[in-house]
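**Student:** I am attaching a structure below and will ask some questions about it afterwards.
The values are calculated or read from the model by the stated rules, or taken from the named source; none is laboratory data. Just so it is clear, the model here is predicted, and its values are computed rather than measured. As a convention, Cβ positions derive from the backbone with ideal geometry for all residues, glycine included, and neighbour counts pool all protein chains shown. Side chains are part of the model used for accessible areas, which takes the heavy atoms of the whole protein and leaves out ligands, DNA and RNA. Shrake-Rupley method; radii C 1.70, N 1.55, O 1.52, S 1.80 Å.
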Amino acid sequence: MANEIWTIKRCLEWTKEYLAERGEEHPRLSAEWLLCAATGLARIDLYMRMDETLNAAQLETMHAAVVRRAKGEPLQYITGSTQFRMIDVACAPGVLIPRPETEMLVEEVLNYLDAEVLSPEAAARQRVELPWNDEVEEARKAEAALADERATAERRAANLTAADEAALGGDVLGSRAYAEELADREAEEAAAQAAEAEAAEAAESELDEYGIAIEGAGQETASAQDAAAPAPAEPRTARVLEVGCGTGCISLSLAWERRGHVTCTATDIEPRAIDLATKNRDALGLTAGEVAFSLTNLVSSIPHDEWGTFDVLVSNPPYIPTDVMRSLPHEVKDFEPDLALEGGADGLDIFRRLLNAAPYMLRAGGLFACELYEGALDAAAELCRQAGLSDVRIVHDLTDRPRIVRAIVTEPKQRI
């Protein structure tokens, strides 16, 4: 194989056929991922450089990757990474691969923090008006249009379908639902800014009894309001406790998307997970002060003087019921760690321990949020109510399956 001429096109077609013969459900998409990892090219670039020849090192890497994939090993382990919300996350055997449903868990936590903990200034990401902003905005629009054209060309070239994307654990180009959510958020912020500008203009144009504008009235009114209004409260930093961090994708996303406003403490019982999460933190340029990882069992390492100080306890714990473990797909059951998957007879073994810990870890009004097995959400919600938590809700995932339980701790407990 190494002595023959292998172009990108020939290697792509051969790999696709080879994987298809061995039962790969999406052989072309898998072949693209493997080729991208072997060559360092983006998927769109594969189709623009089809006639280029692979060198010996690339062929050797590709051959080893194809053999691993043919045995059912997950693509994320073979390529060594995956995308999660706004960040790239390194993946490795022995550590659970991040799922799209977990992106929604992050979103639930962010929504809570923005509404209940962080100041409006911290959550809104307001745009400062500068003289050159119009030029910047035009450049941004042009860049976005180019990105759309590239994405469209890529999908056409690869003949990628929505089913392909879902089968790989979410959109290969990024979470479509999350992109839509970002667009909605930007539209809301633009509308809010327009409303503020209109209100400010109206305030500056106070009229007398004849309908003539009174000079300086707006400024005087504004000055009086400013004098009467209390000084805005300093935004505080939100504190998040994550149990069972795996790759670190949850805590790292929270700290990355609200940098300077959120700090995280994350634990895991698996040394390989802590090592990988630390590697991912360093790759993002985050510090141990922003995201601290600890090798421990659940919350055992949390100092007692920090109990009751967290705003959020979040977890994607092992939650697959024991009987269901037998029916998991080959690439999950035989390659991903049982320790991060199996949750006992009803899938709630670890959840119960987290629920017991929540009132001790969280302040009054703190959020407890867990991703769980779809068949266990009703039972989990009832357990939360029995434990005295309030505002208990079940959140559905993108396929409309129950996936997340969230509740509020109203009466924290203190260590005796």
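**Student:** Accessible area per residue for the stretch 296-339 in Å², computed with a 1.4 Å probe and the full protein assembly in place, what is it?
**Tutor:** On a per-residue basis, the stretch 296-339 sits at 48 Å².
**Student:** How many percent of the accessible area of the stretch 266-392 is carbon or sulfur, using a 1.4 Å probe?
**Tutor:** 52 percent
**Student:** Over 5 Å intervals from 0, what percent of Cα-Cα pairs in the stretch 304-385 sits in each interval?
**Tutor:** Values per bin, smallest distances first: 3, 15, 24, 20, 15, 12, 7, 4, 1.
**Student:** With θ set to phi - 60° and the Karplus curve 6.51 cos²θ - 1.76 cosθ + 1.60, what are the ³J(HN,Hα) couplings of the stretch 390-399 in order, to the nearest whole Hz, using x for Gly and Pro?
**Tutor:** Result, rounded to whole Hz: 10, 6, 6, 9, 10, 10, 8, 8, 5, 9.
**Student:** Can you give the accessible area per residue of the stretch 374-416, in Å², using a 1.4 Å probe?
**Tutor:** 62 Å²
**Student:** Could you provide, to the nearest whole Å², the per residue accessible area of the stretch 1-99 with probe 1.4 Å? Spell out each step's value before the answer.
**Tutor:** Working: 4630 Å² over 99 residues.
Ligands and nucleic acids excluded, the result is 47 Å² per residue.
**Student:** Can you list residues from other chains, or at least 5 along the same chain, whose modelled amide H is less than 5 Å from the amide H of residue 238?
**Tutor:** For residue 238, whose amide H was placed from the backbone, the distant partners under 5 Å are 262, 263.
**Student:** Follow-up. For residue 85, enumerate residues with amide H under 5 Å from its amide H, sequence gap 5+ or separate chain, H modeled in the peptide plane.
**Tutor:** 175
**Student:** Enumerate the amide H contacts of residue 291 below 5 Å, restricted to partners 5 or more residues apart or on another chain; note that Pro and chain-start residues carry no placed amide H.
**Tutor:** Result for residue 291 returns 264.
**Student:** How high is the FRET efficiency between residue 401 and residue 301 when r is their beta carbon distance and R₀ equals 56 Å, given to the nearest 0.05?
**Tutor:** 0.95
**Student:** May I pose another question? Assign one of three labels to the stretch 1-90, namely rounded, prolate or oblate, based on the Cα gyration tensor with a ≥ b ≥ c the square roots of its eigenvalues; rounded applies when a/c is under 1.5, prolate when it is not and a/b is larger than b/c, and oblate otherwise.
**Tutor:** oblate
**Student:** So for each of 98-111, 45-58 I average, over its residues, the number of other beta carbons within 10 Å; can you give me the resulting order with the highest mean first?
**Tutor:** On the way: 98-111: 21.3, 45-58: 14.4.
The densest-packed peptide leads the list: 98-111, 45-58.
**Student:** About the Cα centre of the stretch 343-382, how large is the charge dipole given +1 on each Lys and Arg Cβ and -1 on each Asp and Glu Cβ? Please answer in debye to the nearest 20.
**Tutor:** In debye, rounded to 20, the stretch 343-382 gives about 320.
**Student:** Mind checking the dipole of the stretch 40-105: about its Cα centre, +1 per Lys or Arg Cβ, -1 per Asp or Glu Cβ, Debye to the nearest 20?
**Tutor:** In debye, rounded to 20, the stretch 40-105 gives about 200.
**Student:** Run the paramagnetic zone check for residue 413: 7 angstrom along Cα to Cβ, then residues of the stretch 340-369 with backbone nitrogen under 15 Å.
**Tutor:** Residues 351-364 fall inside that zone.
**Student:** From the cross-link list 333/413; 279/413; 9/279; 279/333, which pairs have alpha carbons spaced over 31 Å apart?
**Tutor:** From the list (333/413; 279/413; 9/279; 279/333), the Cα-Cα distance tops 31 Å for 333/413; 279/413; 9/279.
**Student:** So what's the net charge close to residue 403: Lys and Arg +1, Asp and Glu -1, counting the other residues with Cβ under 9 Å from its Cβ?
**Tutor:** Values: positive: 401; negative: 101, 371, 374, 397.
Residues close to residue 403 contribute a combined charge of -3.
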